[in-house]
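The values are calculated or read from the model by the stated rules, or taken from the named source; none is laboratory data. Remember, predicted model here, so these are calculated numbers, not experimental data. In this analysis, Cβ positions are derived from the backbone assuming ideal geometry, glycine residues included, and neighbour counts consider all displayed protein chains. Just so you know, the surface numbers come from the protein's heavy atoms only, side chains and all, with ligands and any DNA or RNA stripped out. Shrake-Rupley method; radii C 1.70, N 1.55, O 1.52, S 1.80 Å.
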Amino acid sequence: MSEDYGFLDEENVEMPGDEFEEIDVADTAEDEEGRRQDREFDEFRKRLKNVERLKVEQSVFDDATLAALYKLVQDGHVQAFGGPLSTGKEANVYEASGREGNVAVKIYRISASDFRQMKDYLAGDPRFEGLGNNKKATVLAWTRKEFANLTRARRAGVRVPEPIAVQRNVLVMELVGQADERRAPRLAEVDVENPEQAYEVVREYMRRLYAAGLVHGDLSEYNMIVHEGELVIIDLGQAVTVHHPNAMDFLERDCYNVATFFSRQGLEVTGEELEAYVTEPEPEPGSDLEESDQPTDNA
């Protein structure tokens, strides 16, 4: 064989046209597995699109989103879809059945999301640097960011939906509220029977978030829901770390919104007082002892 071009030696040529080496085109196990997965994905896509309640605009269920959903199904996080729980400019939330009960599936639109607003919240966050002007990368980072924020908030003792899984622009989390497509009411939609207690819970959650290094960034009576006597903070996609250049501006706005709502409930509270409480450092152990209780040098 010639070392340069791979021709067979002339004495081995049996007939014209055999000058090139044979190429094995037989199917391998990987080929068969790839085709099987393609067939399953096609069936999954048809099944999902044929569900009457999920016939929404193509900007939500594009092929990339369907592939992400398929991966979540394969991993066991989603087993069957129900109907939409809420629809918004940037994302839709659907009810689904999961491994241990019903879950919420939040799907961000890659084509329709507010790219510039997302960049304002992502820029300066050390966890998501180097995105540039790539819209798809920004939306995918936003989805991962919400998953990370929910995880951090849960660890800090803040009642938020438990994050379960994330894949591309799809977030699976705990379904807070009723099944059969009825979402839990927002704080703005209920009669607050005990505003003092509700305010204490909200400001403590804000303080715990801040102590964990997070500011919600869009907190109001519309981003808190009430379920079985619990206040639950939702929509943490825009939450930023305290190192974000606009973190204190976001916190000031959160405090103003919360204080304004509870002022309408009859409480005498201000945004300045709430911000001072949220940002007040935890007291050092023993620092609240009376002077007479302080240890002395005289044993």
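Please count how many residues of the stretch 138-175 are assigned to a loop (DSSP other than H, G, I, E, B) and either open to solvent by less than 20 Å² (accessible area, probe 1.4 Å) or charged (D, E, K, R) (or both). Total meeting the criteria: 7.
Here is the figure for the stretch 81-109: residues that are more than 14 Å from the chain's Cα centre (by Cα) and of a type outside the set (Lys, Arg) total 15.
Residues that are of a type in the set (Gly, Ala, Ser) and under 20 Å from residue 142 (Cα atoms) within the stretch 208-256 comprise 212, 213, 217, 237, 239, 247, listed in sequence order. Looking only at residues in the stretch 251-260 that are open to solvent by 50 Å² or more (accessible area, probe 1.4 Å) and of a type outside the set (Lys, Arg), which one is farthest from residue 275 (Cα to Cα)? Here the residue is 256.
Among residues of the stretch 76-87 that are surrounded by 12 or more Cβ atoms within 10 Å (Cβ to Cβ), those with a beta-carbon under 7 Å from a residue that is acidic (Asp, Glu) and assigned to a loop (DSSP other than H, G, I, E, B) at least six positions away or on a different chain give the pairs 82/181; 83/181; 85/181. Looking at 209, 219, 267, which one is modelled with pLDDT of 95 or more and either among the hydroxyl-bearing types (Ser, Thr, Tyr) or in a helix (DSSP H, G or I) (or both)? Selected residue: 209, the only one of 209, 219, 267 that is modelled with pLDDT of 95 or more and either among the hydroxyl-bearing types (Ser, Thr, Tyr) or in a helix (DSSP H, G or I) (or both). Against the numbered list (1) aliphatic (A, V, I, L, M); (2) in a loop (DSSP other than H, G, I, E, B); (3) surrounded by fewer than 23 Cβ atoms within 10 Å (Cβ to Cβ), residue 248 comes up short only at (2).
Residues that are under 18 Å from the mean Cα position of the chain (by Cα) and part of a loop (DSSP other than H, G, I, E, B) within the stretch 223-245 comprise 223, 234, 235, 236, 237, 238, 239, listed in sequence order.
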